1. Find the residue count for region 265-319, including only residues that are farther than 22 Å from residue 19 by Cβ and of a type in the set (S, T, N, Q).
2. If I ask for residues that are without any contact (Cβ under 8 Å) to a residue 24 or more places away in the chain and within 23 Å of the chain's Cα centre (by Cα), which ones from region 48-77 would you list?
3. Name the residue, out of 117, 48, that is of a type in the set (Gly, Ala, Ser), over 23 Å from residue 348 (Cβ atoms), in contact with a helix residue (DSSP H, G or I) (Cβ under 8 Å, 6 or more places away or on another chain) and assigned by TED's automatic domain parsing to the domain that holds residue 342.
4. Mind counting the residues in region 99-137 that are farther than 24 Å from residue 342 by Cα and either of a type outside the set (A, V, I, L, M, F, W, C) or touching a strand residue (DSSP E or B) at 6+ places or on another chain (Cβ under 6 Å) (or both)?
5. Tell me the residue from 269, 198, 223 that is in contact with an Asp or Glu (Cβ under 6 Å, 6 or more places away or on another chain), closer than 23 Å to residue 298 by Cβ and not assigned by TED's automatic domain parsing to the domain that holds residue 80, please.
6. Here's a check for you: in region 326-344, which residue that is in a helix (DSSP H, G or I) and in contact with a strand residue (DSSP E or B) (Cβ under 9 Å, 6 or more places away or on another chain) is modelled with the highest pLDDT?
7. Name the single residue that is surrounded by the most Cβ atoms within 10 Å (Cβ to Cβ) among those in region 26-74 being of a type in the set (Ser, Thr, Tyr) and either under 20 Å from residue 128 (Cβ atoms) or in contact with a Phe, Trp or Tyr (Cβ under 7 Å, 6 or more places away or on another chain) (or both).
Amino acid sequence: MKILLVSPGGDKFGGGMGTVTKNIKDYIENSSSDEVRVFDSRGEVGFALSFLFFFKALVGVFSELLFSKQPTLLHINVSERFSFVRKAAFIALARGFKVKTILHHHGAELIPFYEGASPLKRRITEYCITRTDCNLVLGEKWRRFIIESVPNHAPIEILYNAVPRKVVADGKSSAMSLSMIANLSERKGVVIMLEAIAKVKNSLDVRVDFLGGGDTEKYALKAKALGVDHLCHFHGWLARDKALSIMYQSHALVLPSYDEGLPMVILEAMAQGVPVICTPVGSIGEVFTHEKECLFVDVGSADSLAEAILRLLSDSELQQQLVDNATQTYERQFSIENYMSCLENIYQKL
């Protein structure tokens, strides 16, 4: 079988979707008899220039479908907003060739987007959800949403994210440190993180590494205003392996998001023995338990986050307990081998 993976940013960019795409591509290339091709449907450019990537990907998929001499399946990653407009074209193209499609939903803000969308945007979203052959979602929250909101939807499968375990040579940093890997934005709770650090700075000497793009200058100014700029280091966008290397050396990953799907970075931290502090949003609270695999904090609460940071960094037994439990959960549920076994079963069912 030939798998055509269509994803914003391809397998090199696109945040969590890009990581999912790369993991699927690498596994198929190294451990499967199937073929795989990746098409970048958006690029890491401005909105206007993104159409160049879209048309290039559309032509590439058309060419593959036109000349392919073996069974082909289109696996399409989608977030929300204009992503559905682009993906509707790929679904229509596949239907014209009678090729099966999987619509793999990654959008953390899919539900509020749909609820606030114009009638036209809703119709396009519903077209994608009803005309694909399978909706692949990150958890029960999105399964319920589709069932309740979109009549005549295509079948739904839940597939939690997963990551491969990497070999890491570097150990923990000797100095106390925290890390946050994200495209820095309000949704990720960056201000809450900075306010929490301001609350603990007199009790704890801790370095904080912010690893990701976004409005780093804005948040650096906020850190200065809070008097924690000497503790906070904004690295900007880094190659993923470099960002993960810094994260692996930290004493905890912190992700106080307002909304999420199932963040890849949390799974990557757990796979490498890094304790996690996060909010129980998206599918996080569905698959993890407070004080078992991680510490949950209240959404939008710097006080709750500050308390959790102080508690975790002052209790080595708690750190080890979280790491041990998270490692077991990762191996049981979130390894790339288990993930690909489930995904290949879905491919075969279509």
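1. The number of residues fulfilling the criteria is 6.
2. Residues satisfying the conditions are 50, 53.
3. None of the other options fit; the residue is 117.
4. 13
5. Going through 269, 198, 223 in turn, the sole match is 223.
6. The residue in question is 326.
7. 41
Residue by residue, here is whether (1) more than 22 Å from the chain's Cα centre (by Cα); (2) more than 12 Å from residue 252 (Cβ to Cβ) holds:
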residue	(1), (2)
270	no, no
301	yes, yes
305	no, no
317	yes, yes
327	no, yes
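The values are calculated or read from the model by the stated rules, or taken from the named source; none is laboratory data. This is a predicted model, so every value here is computed, not measured. With ideal geometry, Cβ positions are generated from the backbone for all residues, glycine too; neighbour counts draw on all protein chains shown.
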